Structure formats: C-alpha cells, structure tokens
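Before any comments, here is the structure.
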Amino acid sequence: MTGAPDNDFGMRCPRCGASDRIDIAATVWIRLCPGGTDVTAAENGDHEWDTGSLACCHSCGHSGTVREFDIENQPAATENDARAERARTALKQYVCAKGEVFENSSSEIADLIADLLHLTVRIDQGGDDPVECTLRLARLHFEAEHGNPEETGEAES
C-alpha cells in the first residue's frame, strides 16, 4: 500500500489498506458514580493503548494487533500495490462525488467501471466497438502486470 494513511498514527489495515476506519481497544479512566460510570467525569481523562492492543478495520472486518496495523511493520509496497492504492483513491473520490458513503466494495468498482465505459463511448466514437476495445486493452495490461514477478515483488534477487 502506498500513500499516507488517513490518521496521525501511521496505521493502515494490512488486508484492505483502509486507514480511516480502524478502531482500537483502549484502556480509559472512568469515574464511578451512583448511577454507574462516567468517562467524562474522570479526573484523568486519558486513554491508553499500545502495540499489543486489539485493532479492527471496519472497512473489511480484519482484526489484529496495533503492531500489525502499523505501516512500519507491513511489507514494502510493490508496483501492483501502488496501482491498487491509486485505484482505491480514485474509487473513493468517485463514490464521494456521487454523494455516497465509501464502503471499499467491489460493487463500487463495478459502478465506476460502468461509468468509465460510458465515457469511453463518448470519447471514442469511431471504428470498432469502443467498449470491447477498452475492456480488451485493460485486460491485456492487467494480465501483463498481474503475472509479472517484477511488478508483484516476487522477482528473485
């Protein structure tokens, strides 16, 4: 995954790459009251968590420790990871431009692809079927990049 995370703690989900929907189980100070407890009445309003605390991504449901979510502890990004992250950024902007909540889902990708195909027809109005040509070219690019060890980080050193 590339790019800066959407939080000040340098954390990103190791599975889906989301960085703005991470919850962490923290210890908080509370005040015992006659009717129960009150977190806002505690003299020490701090909350504490460390690298062993549980973290959960609410974009994909992955859970692990804070250590696993720290980008410093995640493998270096490959070129295909960078491509996927650029696509995620574009997808998020597309969904937000439609006035919807970004859910990081394949149905959002399908919506974007459909709209891009509408754009393809508008841009390329001559010759062969522009939708089929665009899809064929995209598939060729994907297959060349996806199976290439230099692109996936699996090349022998």
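The values are calculated or read from the model by the stated rules, or taken from the named source; none is laboratory data. Please read all numbers here as calculations on a predicted model, not as lab measurements. Cβ: placed from backbone, ideal geometry, glycine included. Neighbour counts: every protein chain shown. All accessible areas refer to the heavy atoms of the entire protein, side chains included, with ligands and DNA or RNA removed. Shrake-Rupley method; radii C 1.70, N 1.55, O 1.52, S 1.80 Å.
If you scan the range 79-104, which residues turn out to be open to solvent by less than 30 Å² (accessible area, probe 1.4 Å), out of contact with any helix residue (DSSP H, G or I) (no Cβ under 7 Å at 6 or more places or on another chain) and either without any contact (Cβ under 8 Å) to a residue 40 or more places away in the chain or closer than 17 Å to Asp20 by Cβ (or both)?
Glu85
Give me a count of the residues in the range 35-73 that are of a type in the set (A, V, I, L, M), farther than 17 Å from Ser19 by Cα and open to solvent by 70 Å² or more (accessible area, probe 1.4 Å).
Of the residues in the range 35-73, the ones of a type in the set (A, V, I, L, M) are 39, 41-42, 54-55, 66, 71.
This time we only want the ones that are farther than 17 Å from Ser19 by Cα, so: 39, 41-42.
Going one step further and asking which of them are open to solvent by 70 Å² or more (accessible area, probe 1.4 Å), we end up with 39.
The number of residues fulfilling the criteria is 1.
For Ala138, indicate whether it is within 28 Å of Ser59 (Cα to Cα), in contact with a Ser or Thr (Cβ under 7 Å, 6 or more places away or on another chain) and surrounded by 12 or more Cβ atoms within 10 Å (Cβ to Cβ). Walk me through how you get there before you give the answer.
On the way: within 28 Å of Ser59 (Cα to Cα): yes; in contact with a Ser or Thr (Cβ under 7 Å, 6 or more places away or on another chain): no; surrounded by 12 or more Cβ atoms within 10 Å (Cβ to Cβ): yes.
Against the criterion (within 28 Å of Ser59 (Cα to Cα), in contact with a Ser or Thr (Cβ under 7 Å, 6 or more places away or on another chain) and surrounded by 12 or more Cβ atoms within 10 Å (Cβ to Cβ)), Ala138 does not qualify.
Got a sec? Which of Cys16, Cys56 is part of a loop (DSSP other than H, G, I, E, B), within 27 Å of Phe102 (Cβ to Cβ) and not small (Gly, Ala, Ser)?
Within the list Cys16, Cys56, the selection yields Cys16.
State yes or no: is Ala76 under 28 Å from Asp8 (Cβ atoms), out of contact with any helix residue (DSSP H, G or I) (no Cβ under 9 Å at 6 or more places or on another chain) and among the aliphatic types (A, V, I, L, M)?
Values: under 28 Å from Asp8 (Cβ atoms): yes; out of contact with any helix residue (DSSP H, G or I) (no Cβ under 9 Å at 6 or more places or on another chain): yes; among the aliphatic types (A, V, I, L, M): yes.
Considered against the rule, which asks whether it is under 28 Å from Asp8 (Cβ atoms), out of contact with any helix residue (DSSP H, G or I) (no Cβ under 9 Å at 6 or more places or on another chain) and among the aliphatic types (A, V, I, L, M), Ala76 comes out as yes.
Which condition number in (1) in contact with a strand residue (DSSP E or B) (Cβ under 8 Å, 6 or more places away or on another chain); (2) open to solvent by less than 90 Å² (accessible area, probe 1.4 Å) is the one that Arg21 fails?
Result: Arg21 passes all but (2).
Looking only at the range 19-46, which residues are assigned to a loop (DSSP other than H, G, I, E, B) and either in contact with a helix residue (DSSP H, G or I) (Cβ under 6 Å, 6 or more places away or on another chain) or within 30 Å of Phe102 (Cβ to Cβ) (or both)? Before you say what the answer is, go through the steps one by one.
Within the range 19-46, the subset assigned to a loop (DSSP other than H, G, I, E, B) is 19-21, 25-26, 29-30, 34-35, 39-46.
Residues satisfying the conditions are Ser19, Asp20, Arg21, Ala25, Ala26, Val39.
Of all residues in the range 114-138 being more than 21 Å from Val95 (Cα to Cα) and of a type in the set (Asp, Glu), which is modelled with the highest pLDDT?
Per the criteria, the residue is Glu132.
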